[in-house]
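Just below is one structure, and these are the notes that go with it.
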Amino acid sequence: MSITALWLTDFRCFEEASFEPDPAGLTVLRGENGVGKTSVLEAVAWLATERSFRGAGREVLVRNGRPRAVLRADTTVAGRGVLFEAELPVDAPARVQLNRQPVRRRAELAEGLRVSVFSPDDLEIVQGGPAGRREYLDDALVALHPRHEALIDEAERIVRQRGALLRQAGGRLSPEIASTLEVWDARFAASGEALASARQALVEELDPLVRRACAELSGATDDTSVRLRYRRSWEGALLDALERARHEDLRRQVTTVGPHRDDLELTLSERPARTQASQGEQRTVALGLRLATHQLATAGRPEPPVLLLDDVFSELDHSRAAALVAQLPRGQVLLTTAVDPPGVVSPDRIVEVAGGRLVGTGRS
C-alpha cells in the first residue's frame with residue numbers, strides 16, 4: 001500500500017501543490033517551522049480517515065478566503081490503482097469519492113489507504129485526560145477492524161440522545177421519561193458492553209507490544225515497567241449500572257456510566273505515567289503506544305499502512321532515534337523535519353517545503 005501522487009488545492013497554506021513520494025521507501029519533507037510540512041501529512045491522514053489528526057475543523061483546513069479545499073491522491077494497493085477525491089467546503093459536509101464512487105462510511109477508505117500517524121501531539125495521550133486515550137483506542141479499533149466504526153458511532157449516538165432526554169426531564173422522572181429511558185438503557189447496554197469489550201481486548205493485545213517497544217526505545221534490559229489496563233466506569237452488567245445511576249443521571253442531566261466514561265490506565269513501574277513519569281518517560285510511552293498499534297496494523301496483512309512521522313526525531317537523542325527506526329516495519333514512510341534528519345535515517349527522496357510549494361522532489 002502506497003501513495004503514488006498527492007494534490008492539494010486551497011488546503012491550509014497551499015493554493016496549489018503536488019508531489020510524488022517514493023513509492024516504497026522514505027520521503028523526507030524538509031522546511032522551516034510553519035511552512036506547511038505537517039499540513040501535507042494532515043492531508044494524507046484526512047483522506048484515510050476523514051479526520052484531522054491535529055483535531056482541526058474543516059473551516060481551519062480550508063485556505064483563508066476560499067470556499068472549499070480539494071484533496072486528490074493516487075494510491076496503489078496490491079498492484080491495483082485507487083483514486084481518492086475529496087471536497088471540503090467550509091459550511092457543508094465533506095464529499096469523498098473512491099474511484100469516482102461516493103464514500104458513505106469511513107471504513108470504506110481502508111480499501112485504498114491506511115495510515116499510522118506519529119506526532120508530537122501524541123504526548124497528550126499520556127499527559128491529557130481520559131477522552132484522548134479513549135479516542136486513541138477507538139481510532140486503533142477502526143484502523144485494525146473497520147467494522148467497529150458502526151459500533152462506536154452507535155454508542156456515541158445513544159449517549160447524545162439519552163443526554164437530550166435527561167435534559168428534557170429536568171430532574172423529574174415521569175412515567176413517560178422512565179419508559180423511554182428503559183428503551184435507551186437497553187440499547188446502550190448492548191452497544192456499550194460490546195465497545196468496552198472490544199477496547200479491553202485491544203488493550204490486552206497492545207500491553208506486551210508496548211512494553212517491548214518501550215524497553216527497546218529506552219535500552220532497558222527487561223520489559224516489565226510499562227503496563228496498560230482498561231478501566232471501566234461501572235461494575236457488573238452495564239444495564240444494572242445504568243439503573244443504579246438513574247437518580248444521579250437525572251440530577252446531573254448526563255449519562256454518568258458507560259464506555260464514554262472509561263479510561264486507559266498507563267503505569268510506569270506501578271506509578272501513574274500521567275502524573276509521576278518524567279516527560280522523557282512519557283514520550284517513550286507515547287511512542288511505544290504508536291509503535292504497538294502500527295505493528296498490530298501490519299501483522300497478518302500483505303501490505304503495511306503508510307507511516308506518517310511528524311517531526312518525531314526533534315525530541316529524541318541518537319540512541320532513541322536509532323531504536324525507533326529499527327522498530328519500524330518496511331513500507332512507505334513520509335517524514336517531516338525542520339533540519340537534516342538524524343544519521344540513522346536514509347531518505348529515498350527529499351522534498352523541500354517553502355512558500356506554499358513542494359519543490360526539489362528529486363532523490364537525495
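The values are calculated or read from the model by the stated rules, or taken from the named source; none is laboratory data. Bear in mind that the values here come from a model prediction, so they are computed numbers and not experimental data. So basically every Cβ, Gly included, is an ideal-geometry build from the backbone, and we count neighbours across all protein chains shown.
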Quiz item: Of the residues Ala190, Ala198, Ala178, Ala155, which single one is surrounded by fewer than 18 Cβ atoms within 10 Å (Cβ to Cβ) and either at pLDDT 95 or above or within 21 Å of the chain's Cα centre (by Cα) (or both)?
Solution: Ala190
Quiz item: Looking at Glu111, Glu149, which is the one that is of a type in the set (Asp, Glu) and touching a Lys or Arg at 6+ places or on another chain (Cβ under 6 Å)?
Solution: Glu149
Practice problem: List the number of the failed condition for Leu165; all other conditions in (1) of a type outside the set (D, E, K, R); (2) exposed (fewer than 14 other Cβ atoms within 10 Å of the Cβ); (3) part of a helix (DSSP H, G or I) hold. | Solution: (2)
Practice problem: Could you grab me the full set of residues in the range 1-57 that are farther than 25 Å from Ala299 by Cβ, among the aliphatic types (A, V, I, L, M) and either buried (at least 16 other Cβ atoms within 10 Å of the Cβ) or without any contact (Cβ under 8 Å) to a residue 12 or more places away in the chain (or both)? | Solution: Leu6, Leu8, Ala17, Val28, Leu29, Val35, Val40, Ala43
Exercise. Might you let me know whether the range 92-105 holds any residue that is over 17 Å from Ala69 (Cα atoms), in contact (Cβ under 8 Å) with a residue 40 or more places away in the chain and in a helix (DSSP H, G or I)?
Key: no
Quiz prompt | Hits in the range 310-364 (condition: modelled with pLDDT of 80 or more, among the hydroxyl-bearing types (Ser, Thr, Tyr) and under 25 Å from the mean Cα position of the chain (by Cα)) | solution = Thr336, Thr337
Exercise. Collect the residues in the range 109-125 that are assigned to a helix (DSSP H, G or I) and in contact (Cβ under 8 Å) with a residue 12 or more places away in the chain, keeping them in residue-number order.
Key: Leu109, Ala110, Glu111, Pro120, Asp121, Asp122, Leu123, Ile125
Quiz item: For the range 84-123, what are the residues that are closer than 16 Å to Val285 by Cα, crowded, with 17+ Cβ neighbours inside 10 Å and among the acidic types (Asp, Glu)?
Solution: Asp122
Quiz item: For the range 40-59, what are the residues that are assigned to a loop (DSSP other than H, G, I, E, B) and either in contact with a Pro (Cβ under 8 Å, 6 or more places away or on another chain) or farther than 12 Å from Asp310 by Cα (or both)?
Solution: Glu50, Arg51, Ser52, Gly55, Ala56, Gly57
Exercise. State which residue pairs qualify: first residue assigned to a helix (DSSP H, G or I) and inside the range 190-206, second residue surrounded by fewer than 19 Cβ atoms within 10 Å (Cβ to Cβ) in any location, beta carbons under 6 Å apart, and separation of 6 or more residues or different chains.
Key: Ser191/Glu154
Exercise. Might you let me know whether the range 74-81 holds any residue that is in contact with a helix residue (DSSP H, G or I) (Cβ under 8 Å, 6 or more places away or on another chain) and either crowded, with 17+ Cβ neighbours inside 10 Å or at positive phi (or both)?
Key: no
Self-check item: Matching entry among Glu281, Glu270 (being at pLDDT 85 or above, within 19 Å of Asp207 (Cα to Cα), charged (D, E, K, R) and touching a strand residue (DSSP E or B) at 6+ places or on another chain (Cβ under 7 Å))
Solution: Glu281
Quiz item: Do we find that Ala322 is out of contact with any Leu (no Cβ under 8 Å at 6 or more places or on another chain) and either loosely packed, with under 13 Cβ neighbours inside 10 Å or of a type in the set (Val, Ile, Thr) (or both) in this structure?
Solution: no
Practice problem: Answer yes or no: is there a residue in the range 200-216 that is among the β-branched types (Val, Ile, Thr) and over 23 Å from Asp263 (Cβ atoms). | Solution: no
